[in-house]
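Just so it is clear, none of the values below were taken in a lab; they were calculated from the coordinates. Predicted model only: the values in this text are computed from it and were never measured. We place every Cβ from the backbone using ideal geometry, glycine too, and count neighbours over all the protein chains shown.
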Amino acid sequence: MTREQLDCFLAANGLHAGLDGVLLAPEGEQVGAATLSGEGTLLVHVCEEGYRQGGDEVKAWWPEFRSAWMIVKPDGETEYGDTLGPDQVICDVCNAEVTIRPVPVGGGGYAHCRRCFGDLGLPFPGRVRPYESTERWRPVIEVNGGGLN
Ligand SMILES: [Zn+2]
């Protein structure tokens with residue numbers, strides 16, 4: 001992860017970096033850590049807490065940069081979709097934008113908005129209580145001449 005990607009990840013998830021690269025939720029819960037490798041690459045570790053409910057895994061997800069989709073063809077070739085930012089999460093049940101963090105994932109591995117997760121009647125996974133994250137990551141658009149005319 002680059003420094004810019006880490007900044008976007010933190011902003012979109014409402015997290016901040018504390019001393020020694022510790023990653024903290026708004027109420028101070030540690031959710032991960034970032035360390036600089038010898039090659040200058042940022043290594044980011046994030047804990048996704050959860051529990052098992054019957055055969056289902058319910059977890060608290062901190063979205064990162066990822067591919068919108070992946071297809072593995074019969075010949076073994078793999079295709080990837082566009083890159084989604086950590087702020088780009090859609091509820092797999094109702095298609096609403098998911099604005100809470102962490103994002104509850106359950107019911108067969110699906111991301112849920114607050115309302116749809118509530119409909120499952122399950123306890124929220126992890127120690128961090130869900131909160132609204134309003135920061136949105138957008139690609140930087142360079143404008144020559146200082147205007148959009
Ligand atoms: Zn929903």
Dipole magnitude of segment 3-137, debye to nearest 20 (Cβ charges: Lys/Arg +1, Asp/Glu -1, about Cα centre):
400
For a quick check: with amide H placed at 1.01 Å from N, whose amide H comes under 5 Å from Thr99's, ignoring anything fewer than 5 positions away on the same chain?
Arg114
Val72 to Glu4: FRET efficiency via 1/(1 + (r/R0)^6), r the Cβ-Cβ distance, R0 22 Å, to the nearest 0.05?
0.15
Express the relative contact order of the chain as a whole percentage, based on alpha carbon pairs under 8 Å and six or more residues apart in sequence.
22
Return the FRET efficiency for the residue pair Glu79, Arg52: r is the Cβ-Cβ distance, R0 is 41 Å, and the value is rounded to the nearest 0.05.
0.80
Between Leu42 and Arg115, with labels modelled 7 Å along Cα→Cβ, what's the label distance in nm to one decimal, could you check?
3.4
Helix-only [θ]222 nm of the chain, DSSP H runs n ≥ 4, -39500 (n - 2.57) each, per residue, nearest 500:
-3000 deg cm²/dmol
Cα gyration tensor of segment 3-137, axes a ≥ b ≥ c as square roots of the eigenvalues: rounded (a/c below 1.5), prolate (a/b > b/c) or oblate?
oblate
If we count every other residue with Cβ under 10 angstrom of Gly109's Cβ, Lys/Arg +1 and Asp/Glu -1, where does the sum land?
-2
